[in-house]
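So the structure is just underneath, and the comments pick up after that.
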């Protein structure tokens, strides 16, 4: 199915759906990919218009389109369908992993009712099994559809099994070889199967060094394995090595996208993923926690400044550099933590010991801080006649950058150790804490330099 989505076609499809022109909707949507159709559906403001458009699609296309929709809108559309319609038109036309994604947010009671409407009991059983896995695990994103053959089979029997099982499997990336207990013993590459002599033994041509993931492992672990070993499919096993399913590259792309969105939300000061389509209460709930933390940080910062109110009256020129010191400390900390978080994500952070990494960060901060402090010191000496002020802001800036950078490395590691998402350290948390720290350091250096502090 070719993709031919343009702004004009989106406009025409929207108009046809709103006008209830069934013939035009069918004609315009005939050559569109389900993901393109999902884009059109999301562009429709009225739920009835979206339902009308989807009702005119072939069942398989309708089901595929639902998988690309935003969760909120998809749930609204599902509520327009009966349990029987969801079972027949949607779940029976999807692989087990996609079918599970479709109904996993529905109430448990309705999930059971829908599964009971599926005629294919084996397919219903696969979906029910996947629903039991925690959504954060590899088991939750695996598909049950795969091709497997017994270790004792001949090559002719292998071909027959592949042909039989291929009917229920969309893409065949590998053929899995199992023993009588379904324990994964190896993988049979299709190329080897085609080139092997007909009298060859299966156990002599399979690849036994199989990279797999346990169903109880995190889905991020599965994504990490596929990325590290450049895999397009990953078998999923239980603690005894029994083959349970497979994870394909499209599932991993979704995991990586979700993780990136989550990290971006944390770095932006959002406690959860939200979009402009969410209601005001949800958006406000996501924003408020970090706004309140920022407010608390601002109050603490003002308290620090308040402690030096009398001294600022004696040396009011110090007030001009308060925003600069606070901002530079926050910026240095965010830069350092961003590099550390990236290293934790791709596992390169563990190439060095903690002491060596902190030393590297200290030396980097010393170099960058010295350059910035020299520039600021030069500015102070050229444009002001207050030598003490120039030295104070220069030394304070160097100190703040060093401390903030080291903290930016240490905090993500501490969060990672306590199983808290280290991306938290790239957001308002590190910025606010370094603002407060920067003010404290600035006034402490000022006390030493001016003497009257």
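The values are calculated or read from the model by the stated rules, or taken from the named source; none is laboratory data. The model shown is predicted, which means the values in this text are computed figures rather than measured ones. Positions of Cβ are backbone-derived with ideal geometry, glycine not excepted, and every protein chain shown enters the neighbour counts.
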Legend entry - the range 67-81 - residue that is assigned to a helix (DSSP H, G or I) and either outside the structural domain of residue 29 (by TED's automatic domain parsing) or in contact with a helix residue (DSSP H, G or I) (Cβ under 8 Å, 6 or more places away or on another chain) (or both) and, of those, nearest to residue 20 (Cα to Cα): 77
Inset, instruction - Return only the number of the condition from (1) in a helix (DSSP H, G or I); (2) buried (at least 18 other Cβ atoms within 10 Å of the Cβ); (3) in contact with a helix residue (DSSP H, G or I) (Cβ under 6 Å, 6 or more places away or on another chain); (4) in contact (Cβ under 8 Å) with a residue 24 or more places away in the chain that residue 111 does not satisfy. - result: (4)
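Yes/no matrix, rows are residues, columns are (1) modelled with pLDDT of 90 or more; (2) in contact with a strand residue (DSSP E or B) (Cβ under 8 Å, 6 or more places away or on another chain):
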| site | (1), (2) |
| --- | --- |
| 221 | yes, yes |
| 231 | yes, no |
| 236 | yes, yes |
| 240 | yes, yes |
| 247 | yes, yes |
| 251 | no, yes |
| 265 | no, no |
Inset, instruction - Tell me which residues, restricted to the range 96-108, are touching a helix residue (DSSP H, G or I) at 6+ places or on another chain (Cβ under 9 Å) and outside any helix (DSSP H, G or I). - result: 104, 105, 106
Legend entry - Answer residue from the range 5-20, given it is on the phi < 0 side of the Ramachandran plot and surrounded by fewer than 16 Cβ atoms within 10 Å (Cβ to Cβ) and is farthest from the chain's Cα centre (by Cα) among those: 19
Legend entry - Unique match (being crowded, with 18+ Cβ neighbours inside 10 Å and modelled with pLDDT of 85 or more) among 415, 439, 424, 366: 439
Inset, instruction - Working only within the range 219-251, note down all residues that are farther than 25 Å from residue 125 by Cβ and either touching a residue at least 24 places away in the same chain (Cβ under 8 Å) or exposed (fewer than 12 other Cβ atoms within 10 Å of the Cβ) (or both). - result: 220, 221, 223, 224, 226, 227, 228, 229, 230, 232
Legend entry - Residue satisfying condition, being within 30 Å of residue 9 (Cα to Cα) and touching a strand residue (DSSP E or B) at 6+ places or on another chain (Cβ under 6 Å), within set 95, 30: 95
Inset, instruction - Might you check whether a residue that is touching a strand residue (DSSP E or B) at 6+ places or on another chain (Cβ under 6 Å), within 24 Å of residue 80 (Cα to Cα) and part of a loop (DSSP other than H, G, I, E, B) occurs anywhere in the range 118-133? - result: no
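Evaluate the following for residue 100: is it crowded, with 19+ Cβ neighbours inside 10 Å, under 25 Å from residue 120 (Cα atoms) and without any contact (Cβ under 8 Å) to a residue 40 or more places away in the chain?
For residue 100, the condition - crowded, with 19+ Cβ neighbours inside 10 Å, under 25 Å from residue 120 (Cα atoms) and without any contact (Cβ under 8 Å) to a residue 40 or more places away in the chain - is not met.
Any residue that is modelled with pLDDT under 95, within 29 Å of the chain's Cα centre (by Cα) and surrounded by 15 or more Cβ atoms within 10 Å (Cβ to Cβ) - is there at least one of those in the range 157-169?
yes
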Legend entry - Candidates 60, 64, 88, filtered to the one that is buried (at least 20 other Cβ atoms within 10 Å of the Cβ), modelled with pLDDT of 90 or more and in a helix (DSSP H, G or I): 64
Inset, instruction - Look at residue 214 and say whether it is at pLDDT 90 or above and over 36 Å from the mean Cα position of the chain (by Cα). - result: no
Inset, instruction - Kindly list the number of the only condition in (1) in contact with a helix residue (DSSP H, G or I) (Cβ under 7 Å, 6 or more places away or on another chain); (2) exposed (fewer than 14 other Cβ atoms within 10 Å of the Cβ) that fails for residue 116. - result: (1)
